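Okay, so here's the structure we're looking at.
The values are calculated or read from the model by the stated rules, or taken from the named source; none is laboratory data. Quantities reported herein were computed from a predicted structural model and do not represent experimental measurements. So basically every Cβ, Gly included, is an ideal-geometry build from the backbone, and we count neighbours across all protein chains shown. Surface accessibility is based on the protein's heavy atoms, side chains included, excluding ligands, DNA and RNA. Shrake-Rupley method; radii C 1.70, N 1.55, O 1.52, S 1.80 Å.
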There are 2 protein chains.
Amino acid sequence: MHSAPQGPGRGHGRGQGRRAGARGAAAGREVLANPASTRVSRVAGLARKNVRARYSRFLVEGPQAVREAVRHASDRVLDVYITEASQDRFSEIWEEALAAGLYSHLVSERVMAAMSTGSQGVLAVVAMDESTGSEALTSALEGAALVAVLTEAQDPGNAGAMIRAADAAGADAVVLVRGSVDATSPKVVRSTAGSLFHLPVVTDAALDDVVAALHGAGMTVLAADARGDLDLFGADSLLEAPTAWLLGNEAHGLSPEALSRADAVVSIPVYGRAESLNVAAAAAVCLYASARAQR
Amino acid sequence: MHSAPQGPGRGHGRGQGRRAGARGAAAGREVLANPASTRVSRVAGLARKNVRARYSRFLVEGPQAVREAVRHASDRVLDVYITEASQDRFSEIWEEALAAGLYSHLVSERVMAAMSTGSQGVLAVVAMDESTGSEALTSALEGAALVAVLTEAQDPGNAGAMIRAADAAGADAVVLVRGSVDATSPKVVRSTAGSLFHLPVVTDAALDDVVAALHGAGMTVLAADARGDLDLFGADSLLEAPTAWLLGNEAHGLSPEALSRADAVVSIPVYGRAESLNVAAAAAVCLYASARAQR
């Protein structure tokens, strides 16, 4: 696998031949053109969860997510790949990657297609950060005023949209409880539209540990659920305090366990005939109700 | 194709052989078991847009959506299909379909799988209603206080989630501008979780006609866009009036045309580093801000 050294300055002194990356004018730069190369199959392998876990790195696809990774998590970006055809279109990303001293590679269309089907011409390989364990949890929650807890989000698009909504609403952290979808799967990463690199995302946490840590950080734990006895829009005095939202599964909502751990169960009022909202839409409405009350 | 007569009472006098449906005790009921039958291929064909348009009917998959169709649009339900294995699990749907006098068919697992991959054991074929043209538009907007306008929603999951959010927020109608995803595609229908049958959904409307009709109905037309000069949470006096929200495309937001037609452009404040919200999440936040201000 890649063995790029960490930190600024990496990418120097390795500019030989096919594996050349990093700084340098685009003109005359070599293009990775062999879709059967080891490098290509290693990058493509990151579509699989066990490969990601084994090498502690994941794929970031598409201009928006790659730009945000380069901009906000450059110390974790191991490689940037861009097709020749996309170089002009995404010149901002390319320039920023070069300026940050990142290994940046021009690749042929065929190489890009072999690496990823969702890249839109630009791709990055990013190292996972230390996002599990009680230390990561405690550190993410320190001084937090608003936190989203995904208790069993299974749909990658919804999970990504929830991380994005938490970011937009100014949340301080997102926690994924064990059993949720893998936050580094390509579809989740794409759906976060870069928000994965904007705020701490703690993963694989046990529900009881999360609730204990939230209480330890002085936060009120609210469950977002249609069965709640509090109306979201009548709960401003509750929402003004530091708040964590427990958010459920797209099909069956929150588990009885999660409901029982919450300090209060809050419902979005339904004025029409729908039973409930899509879980990502519900997350956005709840998180913004908190943000509005807190400001 | 099916030629089920409309209205209550249909389903009687046709209880012969394989094509039997409608009323009758489950015991002794024949089971459609031939996946190669004409009926099965005709139902399966409804996965394709041109077939849906040609026969003016569409597929409704899964227990939630079928239940809502049976409950709220039974005059348009042409057939209900349920597997033997699902009959007990979804007995409520089965009983309601029989009570409504709907053609209701038991099918084998293989027949269900040949008809649809997303049925979870229960499926309905539903006639499209008259949802296009100026008359449908005028009728849907009459007396409306809150309307969602999908100007170019392309992702079926997002479009469905927006229709569902409009329903939940108590909107009076949803309008899909020409160029949006087909509202009767299986994935949109599934994503609405039944909301498609809860409120008028007008399709294939020209933007100018929609805006003229909204103004004709006395509504303020607001564009939801990150480039707005009004903050959603500081616009309550605007939101109290009858309001239509123009909602954009998941990738590039609202078109310049749509922005120029709006009476005001309103932004959801972003407190973190995200550029914007997922379009379905944004729709829910905007629609609920209106619902809250109007109540």
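If I filter the stretch B:285-295 down to residues being under 25 Å from the mean Cα position of the chain (by Cα) and more than 7 Å from chain A (Cβ to nearest Cβ), which single residue comes out as most open to solvent (accessible area, probe 1.4 Å)?
Here the answer is B:294.
Kindly evaluate residue B:272 against the criterion of being without any contact (Cβ under 8 Å) to a residue 60 or more places away in the chain and either of a type in the set (Lys, Arg) or more than 9 Å from chain A (Cβ to nearest Cβ) (or both).
No: the conditions fail for residue B:272.
Pick from B:143, B:118, B:157: which is assigned by the TED database to the domain that holds residue B:255 and surrounded by fewer than 17 Cβ atoms within 10 Å (Cβ to Cβ)?
B:143
Give the stretch A:31-50 a look and list any residue that's outside any strand (DSSP E or B) and buried (at least 16 other Cβ atoms within 10 Å of the Cβ), or say none.
Listed by number, the residues that qualify are A:35, A:39, A:40, A:42, A:43, A:44, A:45, A:46, A:47.
Which one is surrounded by the fewest Cβ atoms within 10 Å (Cβ to Cβ), of the residues in the stretch A:121-138 that are more than 14 Å from the chain's Cα centre (by Cα) and of a type outside the set (S, T, N, Q)?
A:135
Please work out which one of (1) assigned to a helix (DSSP H, G or I); (2) over 19 Å from residue A:274 (Cα atoms) is the condition residue B:64 fails and give its number.
(2)
Collect the residues in the stretch B:157-177 that are touching a helix residue (DSSP H, G or I) at 6+ places or on another chain (Cβ under 7 Å) and of a type in the set (A, V, I, L, M), keeping them in residue-number order.
Result: B:159, B:161, B:162, B:163, B:165, B:166, B:169, B:171, B:173, B:174, B:175, B:177.
Does residue B:53 satisfy the condition of being farther than 17 Å from residue B:201 by Cβ and part of a helix (DSSP H, G or I)?
no
Looking at this structure, is residue B:258 closer than 20 Å to residue B:161 by Cα, open to solvent by less than 20 Å² (accessible area, probe 1.4 Å) and not in a loop (DSSP other than H, G, I, E, B)?
For residue B:258, the condition - closer than 20 Å to residue B:161 by Cα, open to solvent by less than 20 Å² (accessible area, probe 1.4 Å) and not in a loop (DSSP other than H, G, I, E, B) - is not met.
Cβ-Cβ under 7 Å, sequence separation 6+ or interchain: first residue in the stretch B:95-117 and free of Cβ contacts under 8 Å to residues at least 60 places away in the same chain and among the charged types (D, E, K, R), partner buried (at least 16 other Cβ atoms within 10 Å of the Cβ) and part of a helix (DSSP H, G or I). Which pairs?
These pairs meet every condition: B:96/B:70; B:96/B:71.
What do you reckon, is residue B:74 closer than 19 Å to residue B:198 by Cα and of a type in the set (Ser, Thr, Tyr)?
yes
Please list, ordered by first then second residue, the pairs with beta carbon atoms under 9 Å, 6 or more apart or interchain, first in the stretch A:224-235 and in the same structural domain as residue A:152 (by the TED database) and on the phi < 0 side of the Ramachandran plot, second acidic (Asp, Glu) and surrounded by fewer than 20 Cβ atoms within 10 Å (Cβ to Cβ).
Correct list of pairs: A:226/A:275.
Only residues that are farther than 29 Å from residue A:65 by Cβ, open to solvent by 40 Å² or more (accessible area, probe 1.4 Å), in contact with a strand residue (DSSP E or B) (Cβ under 9 Å, 6 or more places away or on another chain) and not aliphatic (A, V, I, L, M): list them for the stretch B:226-255, please.
Selection gives B:242 alone.
Take residue A:86 and decide whether it is closer than 25 Å to residue A:37 by Cβ, hydroxyl-bearing (Ser, Thr, Tyr), free of Cβ contacts under 8 Å to residues at least 40 places away in the same chain and surrounded by fewer than 23 Cβ atoms within 10 Å (Cβ to Cβ).
When the stated conditions are applied, residue A:86 passes them.
Which of the residues that make up the stretch A:182-228 are among the small types (Gly, Ala, Ser) and more than 14 Å from chain B (Cβ to nearest Cβ)?
If the condition is that a residue be among the small types (Gly, Ala, Ser) and more than 14 Å from chain B (Cβ to nearest Cβ), then A:183, A:185, A:205, A:206, A:212, A:213, A:216, A:217, A:218, A:223, A:228 are the ones that fit.
If I ask for residues that are open to solvent by less than 10 Å² (accessible area, probe 1.4 Å) and facing chain A (nearest Cβ under 7 Å), which ones from the stretch B:275-284 would you list?
Those that are open to solvent by less than 10 Å² (accessible area, probe 1.4 Å) and facing chain A (nearest Cβ under 7 Å): B:280, B:281, B:284.
Only one residue in A:193, A:205 is more than 18 Å from residue A:279 (Cβ to Cβ) and buried (at least 23 other Cβ atoms within 10 Å of the Cβ), so which one is that?
Just one listed residue meets the conditions, A:205.
If I go through the stretch B:53-72 residue by residue, how many of them are crowded, with 18+ Cβ neighbours inside 10 Å and either in contact with a His (Cβ under 9 Å, 6 or more places away or on another chain) or in the same structural domain as residue B:185 (by the TED database) (or both)?
2
Considering each of B:136, B:173 in turn, give the residue that is of a type in the set (A, V, I, L, M, F, W, C) and modelled with pLDDT under 95.
Exactly one of B:136, B:173 is of a type in the set (A, V, I, L, M, F, W, C) and modelled with pLDDT under 95, namely B:136.
Return the total of residues in the stretch B:208-225 being open to solvent by less than 20 Å² (accessible area, probe 1.4 Å) and in contact with a Cys (Cβ under 9 Å, 6 or more places away or on another chain).
Residues meeting the conditions: 1.
For the stretch B:151-169, indicate whether the set of residues that are among the acidic types (Asp, Glu), more than 8 Å from chain A (Cβ to nearest Cβ), touching a residue at least 40 places away in the same chain (Cβ under 8 Å) and over 21 Å from residue B:72 (Cβ atoms) is non-empty.
yes
Among the candidates A:192, A:151, A:184, which residue alone is within 18 Å of residue A:220 (Cα to Cα), modelled with pLDDT of 95 or more and of a type in the set (Val, Ile, Thr)?
A:151
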